[in-house]
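The values are calculated or read from the model by the stated rules, or taken from the named source; none is laboratory data. Please read these numbers as outputs of a predicted model, since none were measured by experiment. Note that we place each Cβ from the backbone using ideal geometry, even for glycine, and neighbour counts take in every protein chain shown. All accessible areas refer to the heavy atoms of the entire protein, side chains included, with ligands and DNA or RNA removed. Shrake-Rupley method; radii C 1.70, N 1.55, O 1.52, S 1.80 Å.
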Amino acid sequence: QVQLVESGGGLVQAGGSLRLSCAASGRTFSIHTLAWFRQAPGKEREFVAAIWTGSMTYYTDSVKGRFTISRDNAKNTVYLQMNSLKPEDTAVYYCAANQGAAKYDYWGQGTQVTVSS
């Protein structure tokens, strides 16, 4: 089993920045991909960014150039640096991990990000 705990959410004005962290514990050696998803009120959960074991990254179009995902394997932690935040980025952000398959097996509890206009 893998446990994921997010932190770093909060309230920020439009144009501001936040950095989310997600600490993994348990069978961390089995983790292949770490990702961030988000869910806004009344909307389905959507993919935000992912980082593979070899540090290759992928982003959804709406955050490209503004968000950066990174991982510190020594600390078993993945980060999401969010710059130039917009009100439409307001959501609960979830960290997720998989073991190499497309399906994400492990999820954190979520952290709220609120961007005021």
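Which of the residues that make up the range 83-104 are surrounded by fewer than 18 Cβ atoms within 10 Å (Cβ to Cβ) and more than 19 Å from GLY15 (Cα to Cα)? Give the steps one after another, and end with the answer.
Looking only at the range 83-104, we keep the residues that are surrounded by fewer than 18 Cβ atoms within 10 Å (Cβ to Cβ), and these are 83-84, 86-88, 99-103.
GLN99, GLY100, ALA101, ALA102, LYS103, listed by residue number.
Would you be able to say whether some residue in the range 107-117 is open to solvent by 50 Å² or more (accessible area, probe 1.4 Å), touching a helix residue (DSSP H, G or I) at 6+ places or on another chain (Cβ under 6 Å) and over 22 Å from GLY26 (Cβ atoms)?
Checking the range 107-117: at least one residue is open to solvent by 50 Å² or more (accessible area, probe 1.4 Å), touching a helix residue (DSSP H, G or I) at 6+ places or on another chain (Cβ under 6 Å) and over 22 Å from GLY26 (Cβ atoms).
Can you name every residue in the range 17-30 that is open to solvent by 20 Å² or more (accessible area, probe 1.4 Å) and either touching a His at 6+ places or on another chain (Cβ under 6 Å) or of a type outside the set (D, E, K, R) (or both)? Spell out the reasoning first.
Pass one, the range 17-30, residues open to solvent by 20 Å² or more (accessible area, probe 1.4 Å): 17-19, 21, 23, 25-30.
Within the range 17-30, SER17, LEU18, SER21, ALA23, SER25, GLY26, THR28, PHE29, SER30 qualify.
When you look at TRP36, is it modelled with pLDDT under 95 and surrounded by 14 or more Cβ atoms within 10 Å (Cβ to Cβ), yes or no?
no
Would you be able to tell me the number of residues in the range 52-82 that are over 27 Å from GLN13 (Cα atoms), without any contact (Cβ under 8 Å) to a residue 40 or more places away in the chain and either open to solvent by 70 Å² or more (accessible area, probe 1.4 Å) or outside any strand (DSSP E or B) (or both)?
Looking only at that region, the number is 7.
Considering only residues that are among the polar types (S, T, N, Q) and either touching a Cys at 6+ places or on another chain (Cβ under 9 Å) or not in a strand (DSSP E or B) (or both), look in the range 1-16 and name the one that is least open to solvent (accessible area, probe 1.4 Å).
Step one: list which residues in the range 1-16 are among the polar types (S, T, N, Q), which gives 1, 3, 7, 13.
Next, from what is left, pick out any that are either touching a Cys at 6+ places or on another chain (Cβ under 9 Å) or not in a strand (DSSP E or B) (or both): 1, 7.
Numbers: GLN1: 135, SER7: 60 Å².
Ranking the candidates gives SER7 first.
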